[in-house]
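No lab work stands behind these numbers, since they all come straight from the coordinates. As the structure is a prediction and not an experimental result, all values here were calculated from the model. Please note: Cβ atoms are built from the backbone with ideal geometry, for glycine as well, and neighbour counts cover all protein chains shown.
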Amino acid sequence: AELYGIRNWGAGYFDLNDTGEITVRVENSAGESHSVSLMDIARGATERGLGLPLLLRIENLLDAQIARINQSFARAIEDCGYGNVFRGVFPIKVNQQCQVIEEIASAGRRFNHGLEAGSKAELIAALSVLDNTESLIVCNGYKDEEFINLGLQAQRLGMQIFFVVETPSEVETIIRCAEREQVRPNIGARVKLASKVGGYWNATSGDRSIFGLGSNDLIAMVDQLRHHDMLDCLKLLHYHLGSQVPNIRDIRTGVLEACRYYADLVEEGAAMGYLDLGGGLAVDYDGSKTNYTHSKNYSLDEYCVDVVEAIMGTLDSEGVAHPVIITESGRATVAYSSVLLFDILDTTRFEPVELEHTKIAEGDHQMLLNLQDAVNSISAKNLQESYNDALYYRDEVRSLYLHGQVSLRERANAENLFLQGAQQIRKLLDEAEEVPVDLQALPEVLSDIYYANMSVFQSLPDIWAIDQVFPLAPIHRLDEAPTRSAIIADITCDCDGKIDRFIGRQEEQKTLLLHDLKDEEDYILGTFLVGAYQETLGDLHNLFGDTNVVSVRIHDDGSFDYSREIHGDSISDVLSYVEYRPQELFERFRKLAERAVKEGRITAQQRKQILHTYTASMSGYTYFEK
Ligand code: PLP
């Protein structure tokens, strides 16, 4: 558990059992905890035809995170004597999958946890799952008349819809639609805060942020609403600092600045009553509890207390009533509940081979003999020098090969000898007091490649797009010491389809320790905390489609059910996404086969077999099937 940091990033949800398998731990309603092995879940899913790669959703963790966020705010509100309530909304864009949104709506019901919609499609999704009129639906994003009309009609049905104005031009559209429909809208203003935050996703803060109103726009909006006698509709102030804000200081600074705007809008005569802090509550992906990009230097409780105190500190001195606190936490709500499980298909090692043809003989080219001398003279005292020599002679042999002056066998010998020397040097580096700068990357260069049955582009796009790191570990065999240092390559034919940054103590590591593969057993790894953004942003690189998905519900007695399942895309599905018509494709292939029968190249019986193979492929999984 220590090697892979499970207890650091697992937030109490993940641990290890006595047989070396990663478990998910949940608490039941009586406060007793139960653990279920991820291997048991994966085995059962495979037996049911939902093989790897498999996205596992643990419904209990979604419920637990919603409860933790709501209960933590409720505690902070009570402890600080805050005069209003918390109402969370989940931003649909963070995980739009119907099963996830339905689960959020159901788990959120007892806390009146609502949804945030950033488009018409997301508003329709929100309206299809929320029927609780106490929960809020916050509408962000650019809104045309159709979007606003839909929201106004939903308001007629009793739903609490808030239109957050992102750009000055939207105010007029909202006023026009509301007057026409004769509905008093709930309007929010999204402000651009000057506070700029640290972390990856900080472009949403500061003067140049794309979204939100500046102070002049805000005044113009107030005047416009006053002119239409609609200042009582301006109820909410919204801001969003950016996602994954690692430093609590930035959270506090944002709240303080927003409260100044809030107080002034009250002063201007707006009804107000709601303060929406947007997202930003970070996830500790690397478990370091620091203000490092993939971590956070605060707990959920500290976040809630700091927010509540900062609001009170500013508004109390202005004599302004405490607003309902809204947050749009997406990442922190869903990240924990999904784990991507995949198997390793093969490995490549950068080690010399023991073969007869690798022997160097007397009559070999001088460069090979020089290379052998360089390798033979490696010692702890001359690591850098011997490495440079070996590299030089190996490259010389490669260049001789290009000019036809050494044979393929000689080139293979040279490469093998070089690897032998490089591995020897790498071992000596472990004992060296100081590692020469040029050799620091050697362990990484010589690490194994583990080929994983999945697509980074489809299932973990943030690894490729923005160098995100996720916790990654074998989900079994953790009672055995891993001996191989490796990076992971996916099965797309793209050199960017790899994982070569892993969580470490302070900074990411370039390799991960893994176990040797066994012939008779699958080796299964899990990438954890992937519930946020990954499914939504994934793409069809090399036509690898959606993976199988299963949701698991762990019951009060510790037993579990496969509560929902979705089979991954078939080849026919992914082809139709990119404009092919599977029926037409079959027809063309059928004609090809028929012609072959006519020309006597195959028999009619063989045609039947060929067409059967074709249709079976069409309906098969896009990933490697065993
Ligand atoms: N609200 C808005 C307006 C956003 O743009 C985002 C995402 O960046 C979020 C909420 C969710 O943020 P997070 O996932 O950090 O909670």
> What is the magnitude of the charge dipole of the chain about its Cα centre, with +1 placed on the Cβ of each Lys and Arg, -1 on the Cβ of each Asp and Glu, and no other charges, expressed in debye to the nearest 20?
Replying inline: 1500
>> On C-alpha positions alone, give me the angle between the axis of helix 215-227 and the longest principal axis of the chain, in degrees, nearest 10.
In response: 40
> Rounded to the nearest 0.05, what FRET efficiency is calculated for Ser128 and Arg176 with R0 set to 35 Å and r the Cβ-Cβ distance?
Replying inline: 0.85
> So for Thr253, Thr23, Thr348, Thr547, fewest C-beta neighbours within 10 Å to most, what's the order?
Replying inline: Thr348, Thr253, Thr23, Thr547
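How much length is gained on full extension from Glu145 to Arg409, taking 0.36 nm per residue of separation minus their Cα-Cα distance?
87.8 nm
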> How many nm separate the modelled label positions at Leu540 and Glu309, each set 7 Å beyond the Cα in the direction of the Cβ?
Replying inline: 5.2
>> Which lysines, if any, have their Cα less than 29 Å from the Cα of Lys93, not counting same-chain residues under 8 positions apart?
In response: Lys120, Lys143, Lys192, Lys196, Lys235, Lys289, Lys296, Lys498
>> Would any residue of the stretch 572-594 have its amide N under 11 Å from a label point 7 Å out along Cα→Cβ of Tyr614? List them or say none.
In response: 583-594
> Of Ser338, Gly5, Ala321, which is farthest along the charge dipole of the chain in the positive direction, counting Lys and Arg as +1 and Asp and Glu as -1 at C-beta?
Replying inline: Ser338
> Using +1 on the beta carbon of Lys and Arg, -1 on that of Asp and Glu, and nothing else charged, what's the dipole of the stretch 483-532 about the Cα centre, debye to 20?
Replying inline: 300
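Calculate the dipole size of the stretch 61-337 relative to its Cα centre from +1 charges on Lys and Arg beta carbons and -1 charges on Asp and Glu beta carbons; express the result in debye to the nearest 20.
440
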>> On C-alpha positions alone, give me the angle between the axis of helix 604-618 and the longest principal axis of the chain, in degrees, nearest 10.
In response: 50
>> Please arrange Cys304, Cys177 by how many other C-beta atoms lie within 10 Å of their C-beta, fewest to most.
In response: Cys177, Cys304
>> Please list, ordered by chain and number, the residues whose modelled amide H lies under 5 Å from the amide H of Asn548; skip anything fewer than 5 residues away on the same chain.
In response: Leu55, Gly568
>> Considering only C-alpha atoms, what is the centroid distance from the stretch 513-590 to the stretch 384-427, in Å?
In response: 42
>> Taking the Cα centroid of the stretch 123-158 and of the stretch 306-371, what is the distance between the two, rounded to the nearest whole Å?
In response: 37
>> In Å and on Cα atoms, what radius of gyration and Dmax does the stretch 356-444 show?
In response: 13.4, 43
> Taking a ≥ b ≥ c as the square roots of the eigenvalues of the Cα gyration tensor of the stretch 548-619, is the shape rounded (a/c under 1.5), prolate (a/b larger than b/c) or oblate?
Replying inline: oblate
> Along the charge dipole of the chain, Cβ charges K/R +1 and D/E -1, which of Ile77, Cys177, Leu236 sits furthest on the positive end?
Replying inline: Cys177
> When the Debye formula is applied to the Cα atoms of the stretch 293-395, each taken as the same point scatterer, what base-10 log of I(q)/I(0) results at q = 0.11 Å⁻¹?
Replying inline: -0.66
> Which ³J(HN,Hα) values in Hz, rounded to whole numbers, follow from the phi angles of the stretch 135-141 under the Karplus curve 6.51 cos²θ - 1.76 cosθ + 1.60, where θ = phi - 60° and Gly and Pro get x?
Replying inline: 6, 9, 10, 9, 9, 9, x
> With the dipole of the stretch 266-340 worked out from charges on the C-beta (+1 for Lys and Arg, -1 for Asp and Glu) around the Cα centre, which of Leu300, Ser288, Val266 lies farthest toward the positive end?
Replying inline: Ser288
> Just for the chain, what percent of DSSP beta bridges are antiparallel, to the closest 5?
Replying inline: 50
>> One quarter of the convex hull surface, Cα atoms only: what value does that give for the chain in nm²?
In response: 37.5
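Are there GluC sites (Glu not before Pro) in the stretch 268-373 that DSSP puts in a loop and that have at most 10 other Cβ atoms within 10 Å, and which ones? Can you show the working numbers first?
Working: sites: Glu268, Glu302, Glu309, Glu318, Glu328, Glu354, Glu356, Glu362; in loops: Glu268, Glu328, Glu354, Glu362.
When the GluC sites (Glu not before Pro) of the stretch 268-373 are filtered for loop state and at most 10 Cβ neighbours within 10 Å, Glu354, Glu362 remain.
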